[in-house]
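All of the numbers you see were taken from the coordinates with simple rules; none came from a lab. Just so you know, these numbers come straight off a predicted model, no measurement behind them. All Cβ positions, glycine included, derive from the backbone under ideal geometry; neighbour counts span all protein chains shown.
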Amino acid sequence: MAFGITRKELERWKRSVANGRLSYLTHYWLDPRFPGMTTVTKVGCADLNRLVRWCRKHGLNPDYIHRRGEFPHFDLIGEKQRSILLDEGQYDQLRRFRLLDGEDAANLSSFMLSQSASACQIPE
């Protein structure tokens, strides 16, 4: 059961996937097979070769890609979900779904501050 996203967000993810882009969609989720897990991130891409390469880049078995219709995707949960979202720069999803621990949150805050400070500098 999925919740915590809007229909608009889901439709945007579907369009992006259908257009062959790697797209991330995190939502709240409950499944008795995975006690303690409260979120899942679906990484989708209609270009299966690209999705397989993405899986291998992250040490994931592409045999677990859900090849359903026009929205093939790989489900991420737990520590792999958090670490891959960090690696891929999906900071909004990490914050929104509270997937950062204290140290990650502090590091991300420092990084974001340094980025906005450097963006505001005027070249001489």
Quick check: pseudo-label points 7 Å beyond the Cα along Cα→Cβ at residue 14 and residue 48, how many nm apart are they?
2.1
Proxy reagent accessibility, fewest Cβ within 10 Å first, across 70, 88
70, 88
Cβ-based exposure ranking for 52, 40, 17, in which fewest neighbours within 10 Å come first
52, 40, 17
Cβ-based net charge around residue 55, under 12 Å, with every Lys or Arg adding one and every Asp or Glu removing one:
+3
Considering only Cα-Cα distances, which of the following residue pairs are longer than 19 Å: 8/42; 14/42; 8/57; 57/80?
8/57
